[in-house]
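Down below is the structure, laid out as structure tokens.
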Amino acid sequence: MGMAGLLATAGLWGGLGLHMTASIGGADMPVVVTLLNSYSGWALCAEGFMLQNDLLTIVGSLVGSSGAILSYIMCKAMNRSLPNVILGGWGDAAKGPAMEITGTHTEVTRDDVVGQITQAKDIIIVPGYGLAVAKAQYAVADMAKTLMDNGVNVRFAIHPVAGRMPGQLNVLLAEAGVPYDIVLELEEINEDFKDADLVLVIGANDTVNSAALEDPNSPIAGMPVMRVWDAKRTVVMKRTMGTGYAAVDNPVFFKDNTDMLLGDAKATCDALASGVTNYYK
């Protein structure tokens, strides 16, 4: 009888979890992951109270509160409330079709981008999840150091939800030895893109998607994004021309001042770092 009750309870809560998350997808999913992580912490905390185990109570409260804080940070970064994310599948639909993207993208070679980098005096690097997956942070850090040693103003721009977790890119850059004072958050650097000679977008997509500001019918409308298209020249490095986590096409790829450098991020960044080093020898 006890086993039947346990299985029934597990099935009930499993069904509830499926029902809650089934309507959520795209860029909202990381928020749900952190929220569910928070739930697991509070469950562990409750278990600690029931068993009168202080260790379980303390660990559970830490996991629960950290998950809740991460969920709040990510919602704030997307200009959304937590109820709006959780109930997003049941909210108001877009008033019309999404903006049609026209034009063709411009592809360049690694040598072309090395030329652009060595001619620029003010460069902003915008890393994304693609850089994390490829583990290209060391090559990028080496290239940034070479440029700064030769008088180029180099900064990194980090979106609060870049990667799959707040702070993921900050940790990777710190691990690679990038100085903390040149790693800036969205609010600190967004107005500086218009003065930059060159912006290098490495493995980022949704966080630099201009549709969030230009298309009120876009699924990511209203989300704060990096205004990389305001720079004099923008180079986007991606494996393919595919969409990002939110499955939304990015108009930035087709703007006149944007060049696309397609290929593996690790191989591309290694080649760019080598090219820049050879230029300044």
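Seen from all directions on average, the stretch 161-281 presents a Cα convex hull projection of 8.2 nm².
At a Cα cut-off below 18 Å, give the lysines reachable from K232, other chains included and same-chain residues fewer than 8 away excluded. Those lysines meeting the cut-off are K121, K194, K255. In this Cβ point-charge picture (+1 for Lys and Arg, -1 for Asp and Glu), the chain has a dipole of about 360 debye about its Cα centre. Secondary-structure-derived ellipticity at 222 nm for the chain, considering helices only, amounts to -14500 deg cm²/dmol, per-run term -39500 (n - 2.57) for DSSP H runs with n ≥ 4. Any chance you could give the angle, 0 to 90 degrees and rounded to 10, that helix 29-51 forms with the longest Cα principal axis of the chain? In the chain, helix 29-51 runs at an angle near 40 degrees to the longest axis.
Taking a straight Cα-Cα cut-off under 23 Å and skipping sequence neighbours fewer than 8 places away in the same chain, the lysines within cross-link reach of K266 are K135, K145, K238, K281.
Straight-line cross-link reach from K76 at under 16 Å between alpha-carbon atoms covers no lysines, not counting any fewer than eight positions away in the same chain. State the dimensionless ratio Rg/Rh of the stretch 124-181 (Rg: radius of gyration of Cα atoms; Rh: Kirkwood radius). Value, to two decimals: 0.95. For the stretch 185-256, the convex hull spanned by the alpha carbon atoms encloses 88 Å³ per residue.
Taking 37 °C and 0.692 mPa s as conditions, the stretch 37-163 diffuses translationally at an estimated 168 µm²/s according to Stokes-Einstein applied to its Kirkwood radius (Cα pairs). Averaging Cα coordinates gives a centre for the stretch 131-191 and one for the stretch 217-281; these two points are 15 Å apart.
Set Lys and Arg Cβ to +1 and Asp and Glu Cβ to -1, take the dipole of the chain about its Cα centre, and tell me which of G11, S210, L172 lies farthest positive. Of the candidates, G11 comes out farthest on the positive side.
Taking the average, over residues, of other Cβ atoms within 10 Å as the packing measure, peptides 99-105, 148-154, 234-240 rank 234-240, 148-154, 99-105 from highest down. Sorting the segments 126-136, 43-53, 220-230, 4-14 by their residues' average number of neighbouring beta-carbon atoms within 10 angstrom, most packed first, yields 126-136, 220-230, 43-53, 4-14. Between the Cα long axis of helix 265-279 and the first principal axis of the chain there is an angle of about 30°, rounded to the nearest 10. Taking the C-alpha atoms only, the angle from helix 54-77 to the longest principal axis of the chain is near 50 degrees. Of G263, T118, G275, which is farthest along the charge dipole of the chain in the positive direction, counting Lys and Arg as +1 and Asp and Glu as -1 at C-beta? Of G263, T118, G275, it is G263.
Laboratory data are not the source of any read-out in this text; all were calculated from the coordinates shown. Please read these numbers as outputs of a predicted model, since none were measured by experiment. Ideal geometry is used to build each Cβ from the backbone, glycine not excepted, and the neighbour counts take in all protein chains shown.
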